[in-house]
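Reviewing the structure listed below.
Bear in mind that the values in this text are calculations on the coordinates, not laboratory data. Given the structure is predicted, the values throughout are model-derived calculations rather than measurements. Neighbour counts run over all protein chains shown; Cβ positions are idealised from the backbone, glycine included.
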Amino acid sequence: MCDHLCHPKGACFIIPPHMLEHLMSHAENPDIRKLATQNLYLQGQFRGMRMGISQFAFTGLVTGTKRRTIYDAQHQQQLPGKLVRSEGKKASQDVAVDEAYVASGTTYDFFLKVYDRNSIDARGMRLDSTVHYGTDYDNAFWNGQQMVYGDGDGVLFDRFTKCLDVIGHELTHGVTQFTAGLEYANQPGALNESMSDVFGTLIKQYSLKQSVTQADWLIGAGLLIPKPGTNRTALRSMKEPGTAYEDPQLGKDPQPAHMNDYYQGIEDNGGVHINSGIPNRAFYLAATAIGGHAWDVTGRIWYEVLTTRLNAESQFADAAAATREVAQQNYGAKAFQAVDDAWKTVGL
Amino acid sequence: MAQDAPPMQVELERSGGQLPTFKPKYVVATDSLSSEECHELKRLIEKTNFFRQPKQFSETGLPDAFKYKLTVQEGGQRHSVIFHDEDGHPEQIDAIADWVRSHASHR
């Protein structure tokens with residue numbers, strides 16, 4: 001078994017969490033700090049994220065209030081970077097800083113007001129974000145403790161703080177981490193991605209006060225920089241999976257809309273961003289059949305399933321069965337029929 | 001290209017992130033670089049002790065993170081390192097990757 005911080009998946013965890021937390025904060029070598037952070041994440045992931053990460057996340061924090069902290073990586077890849085804005089401080093002159101601040105606040109407010117959830121861990125966890133990560137970095141990700149945003153390359157991708165639904169998507173990975181803990185591979189991984197798309201778009205719809213018919217059901221609309229003769233509409237379409245982009249450099253949106261077209265390969269961690277099109281479309285179909293505001297009945301069904309019914313190894317069929325059951329029990333025959341029809345339409 | 005230096009080729013492949021279909025590959029070859037650029041690239045690779053780096057840093061499982069494969073071929077030597085965002089790899093590896101990305105032909 002390993003005796004160092006960087007080890008293969010599944011090897012022993014010889015360093016206890018409290019020591020990793022200390023290393024993460026105090027080690028002089030930035031590589032050791034990064035390894036300690038990563039190892040703490042992995043320990044949490046393997047042993048139960050609620051034990052590992054939440055202990056760290058609360059260190060020195062007051063719970064029960066909105067706490068946002070924005071850092072600037074200054075184009076390096078060291079986290080968290082330089083503190084540039086914290087809760088209640090005035091807007092900066094930096095659009096990425098302010099977008100990250102506002103959108104993480106909108107996400108916090110959404111989960112609190114709609115689902116009575118106090119931050120992503122339900123215990124008031126501070127929402128940390130780092131902007132300007134790396135050079136021309138074409139991505140945003142959740143590192144187990146905080147949000148990380150790149151500026152994009154300015155040719156294909158715009159800055160990743162631009163889209164509220166992308167920020168909501170990433171923060172929802174945090175909610176999933178603290179609840180179902182869906183593994184990030186194969187069907188559990190595609191469910192993980194889908195849940196992030198579902199709540200990402202709900203946060204956007206809630207912010208814009210859109211009904212199911214007014215919503216665009218796109219994830220990351222405007223993030224891809226338009227180019228004549230190509231389709232760079234968005235990252236994903238929940239309404240019509242497989243139609244969000246088509247471009248010589250980016251390729252074609254590979255998302256299936258039905259289980260008949262389920263991707264069986266090993267790319268993309270077993271198709272987590274590909275097969276998520278199937279449950280995404282099921283949510284869209286259920287929401288539009290139920291009508292009104294999607295965060296209301298349909299969102300509540302999916303939220304309850306994510307937070308109380310799914311686990312690390314849940315499959316699409318588990319999510320379909322659980323949403324049917326919650327719809328029936330809590331919202332009656334019409335909701336059940338809508339959810340049942342939605343899953344049947346996508347082949348589940 | 002610098003006189004008397006063995007030819008070198010460096011490739012960076014990236015996958016993961018938000019779009020599973022977008023897997024850019026960047027290549028630089030020293031025979032198409034200026035002498036100054038050759039020295040700069042070689043200095044980065046030597047500083048990283050690249051040929052002694054592990055073949056793979058552990059998979060992070062972080063949602064939406066990138067995965068990279070950096071390959072250096074110099075004379076009879078060839079070595080690849082697979083790494084990911086926030087997996088604990090030395091930041092000097094990022095410096096090589098950034099350099100290759102900014103100097104490469106993109107394909």
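In terms of the mean number of neighbouring beta-carbon atoms within 10 Å, the peptides B:86-93, A:297-304 order highest first as A:297-304, B:86-93. Peptides A:129-139, A:195-205, B:37-47, ordered by how many other C-beta atoms sit within 10 Å of their residues on average, highest first, read A:195-205, A:129-139, B:37-47. Counted by neighbouring Cβ atoms within 10 Å, the residues A:157, B:51 run from fewest to most as B:51, A:157. For the stretch A:320-334, the Karplus equation 6.51 cos²θ - 1.76 cosθ + 1.60, evaluated at θ = phi - 60°, returns couplings of 5, 5, 5, 5, 4, 5, 5, 4, 5, 5, 9, 10, x, 5, 5 Hz by residue, with Gly and Pro reported as x.
Go ahead and collect, in residue order, the members of the stretch A:123-152 whose backbone nitrogen is under 17 Å from a label point 7 Å along the Cα-Cβ direction of residue A:249. A:135-140, A:150-152, by backbone N distance to the label point.
With contributions of -39500 (n - 2.57) from each DSSP H run of at least four residues, the per-residue ellipticity at 222 nm computed over chain B stands at -8000 deg cm²/dmol. Placing a label point 7 Å from the Cα of residue B:95 along the Cα-to-Cβ direction, the residues of the stretch B:30-44 whose backbone N falls under 20 Å of that point are B:30, B:34-44.
With the simple model of a label 7 Å out from the Cα in the direction of the Cβ, residue B:37 to residue A:153 spans 1.6 nm.
Relative to the current alpha-carbon distance between residue A:258 and residue A:315, full extension at 0.36 nm per residue lengthens the span by 19.0 nm.
Restricting the calculation to alpha carbons of the stretch B:8-106 gives Rg and Dmax of 13.3, 41 angstrom.
Legend: distances between Cα atoms for A:227/B:25; A:82/B:55; A:90/B:67; A:239/B:25; A:89/A:162; A:204/A:334; pairs beyond 28 Å are A:82/B:55; A:90/B:67; A:239/B:25. A cut-off of 5 Å between modelled amide H atoms, ignoring neighbours fewer than 5 places along the same chain, links residue A:124 with A:64, A:118, A:119. Mean per-residue shielding of peptide A:106-112 is 0, counting Cβ atoms of other chains within 10 Å of each Cβ. Modelled spin-label separation between residue B:102 and residue A:123, with each label point placed 7 Å from Cα along the Cα-to-Cβ direction: 4.2 nm. Between residue A:92 and residue B:51, the simple label model (points 7 Å from Cα in the Cβ direction) yields a spacing of 4.3 nm.
Shielding value for A:235-241 is 1, the average number of Cβ atoms from other chains within 10 Å of each residue's Cβ.
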